[in-house]
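I have placed the structure first, in the form of structure tokens, so that the comments after it can refer back to it.
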């Protein structure tokens, strides 16, 4: 299983709050188009963590996460960024 990291510095809200330190690591399950794990390391991780837990627990596909409307700007966009990154890495 391959791990992909998406830097929090790519999320506009991180720039708004003045703290771009952090990363979202994702472990996609390719045959099911889902994440098995989303790991967030950041000082404000509680905000996007809730969405990550719901996505994994409810078995949302990577496409479901991409298609979800995320309030802008929000740190939860880091989850969507991880989903986009995974589709790019999987060549879809």
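Here are some notes:
- Residue count for the range 18-31, restricted to those that are more than 26 Å from residue 59 (Cβ to Cβ) and surrounded by 14 or more Cβ atoms within 10 Å (Cβ to Cβ): 2
- Exactly one residue out of 92, 34 is surrounded by fewer than 21 Cβ atoms within 10 Å (Cβ to Cβ), in contact with a strand residue (DSSP E or B) (Cβ under 7 Å, 6 or more places away or on another chain) and at pLDDT below 80: that is 34.
- So residue 73, is it under 18 Å from residue 8 (Cα atoms) and touching a residue at least 60 places away in the same chain (Cβ under 8 Å): yes
- Restricting the range 47-89 to residues that are assigned to a loop (DSSP other than H, G, I, E, B) and surrounded by 14 or more Cβ atoms within 10 Å (Cβ to Cβ), the residue that is modelled with the lowest pLDDT: 70
- Just one of (1) assigned to a strand (DSSP E or B); (2) touching a residue at least 40 places away in the same chain (Cβ under 8 Å) fails for residue 23. It is (2).
The values are calculated or read from the model by the stated rules, or taken from the named source; none is laboratory data. What you see is a predicted model, and the numbers here were worked out from it, not measured in a lab. A quick note on method: Cβ atoms are made from the backbone with ideal geometry, for glycine too, and the neighbour counts reach across all protein chains shown.
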